[in-house]
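Notes to accompany the following structure.
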Amino acid sequence: MASVLKVDQLQGVSTAADVHIPGHVVQVVSSTKSADTQWSSSSTSMSDITGASVTITPKYSTSKILWSVAGDAGSSGTNSAIALRLVRNINGGSFTTLCGSAGMYLSGAYQFISMQFVDEPNTTDPCVYKLQGCRTTTNGTVYYPTNWAGTLTWTSAQDTNTMVVMEIAQ
């Protein structure tokens, strides 16, 4: 006969909130950037995308951090691309590049973007994750988010890109 464990509440021995279950989500932090505060650039040098950052302080040094971003981005230049990269610092230190992506767009075209990265910062100090961007060619301007609804019915405040980090216990 199989055993069944039924509980109404789990509590840590010394602190009620200190229950460590490998694989569970310990905490979630997110930020949303709307087209009301759209970032744009005509530079081919990477720069911070204002408002596209999150800070998480891992509860356990062994945790993994799942970072993701989804939304839209684009370019006004012919055969121009927006390049995006994720950087992270720990406890105010220097930023390290974790991953990157770029998409090619025809003139005036905008695309859905989605990126994910699993990080192992091995710390309980604050970790800042931020997105940087630039254009990859010498023509046009890149946008994040695009602020383009065409004939659809959403406003620039509803055109949003969302960044999420989740601490996953190990």
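The values are calculated or read from the model by the stated rules, or taken from the named source; none is laboratory data. A quick note: this is a predicted structure, and the numbers were derived from the prediction, not measured. A quick note on method: Cβ atoms are made from the backbone with ideal geometry, for glycine too, and the neighbour counts reach across all protein chains shown. Just the protein is used for accessible areas: all its heavy atoms, side chains included, with ligands, DNA and RNA removed. Shrake-Rupley method; radii C 1.70, N 1.55, O 1.52, S 1.80 Å.
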> Which residues, counting only those in region 11-36, are closer than 24 Å to residue 127 by Cα, without any contact (Cβ under 8 Å) to a residue 24 or more places away in the chain, open to solvent by 50 Å² or more (accessible area, probe 1.4 Å) and of a type in the set (A, V, I, L, M, F, W, C)?
Replying inline: 17
> Restricted to region 95-120, and to residues that are at pLDDT below 95 and in a loop (DSSP other than H, G, I, E, B), which residue is least open to solvent (accessible area, probe 1.4 Å)?
Replying inline: 109
> Which residue, of 8, 36, is assigned to a helix (DSSP H, G or I) and either modelled with pLDDT under 95 or out of contact with any Gly (no Cβ under 9 Å at 6 or more places or on another chain) (or both)?
Replying inline: 36
> How do the pairs read when you match residues in region 54-79 that are part of a strand (DSSP E or B) with residues anywhere that are open to solvent by 30 Å² or more (accessible area, probe 1.4 Å) and acidic (Asp, Glu), using Cβ under 9 Å and keeping only pairs 6 or more apart or on different chains?
Replying inline: 64/120; 65/120
> Scanning for something buried (at least 16 other Cβ atoms within 10 Å of the Cβ), among the hydrophobic types (A, V, I, L, M, F, W, C) and either within 16 Å of residue 140 (Cα to Cα) or in contact with a His (Cβ under 8 Å, 6 or more places away or on another chain) (or both), does region 41-50 turn up at least one residue?
Replying inline: yes
> In region 51-60, which residues are open to solvent by less than 30 Å² (accessible area, probe 1.4 Å) and within 19 Å of residue 168 (Cα to Cα)?
Replying inline: 54, 56, 58
> Restricting the search to region 126-140, which residues are open to solvent by 30 Å² or more (accessible area, probe 1.4 Å) and in a loop (DSSP other than H, G, I, E, B)?
Replying inline: 126, 136, 137, 138, 139
> What's the number of the condition residue 123 fails, among (1) in a strand (DSSP E or B); (2) at pLDDT 95 or above?
Replying inline: (1)
>> Please determine whether any residue of region 61-74 is over 30 Å from residue 140 (Cβ atoms), open to solvent by less than 10 Å² (accessible area, probe 1.4 Å) and either among the hydroxyl-bearing types (Ser, Thr, Tyr) or at pLDDT 95 or above (or both).
In response: yes
> Got a number for residues in region 125-145 being farther than 29 Å from residue 65 by Cα and under 13 Å from the mean Cα position of the chain (by Cα)?
Replying inline: 0
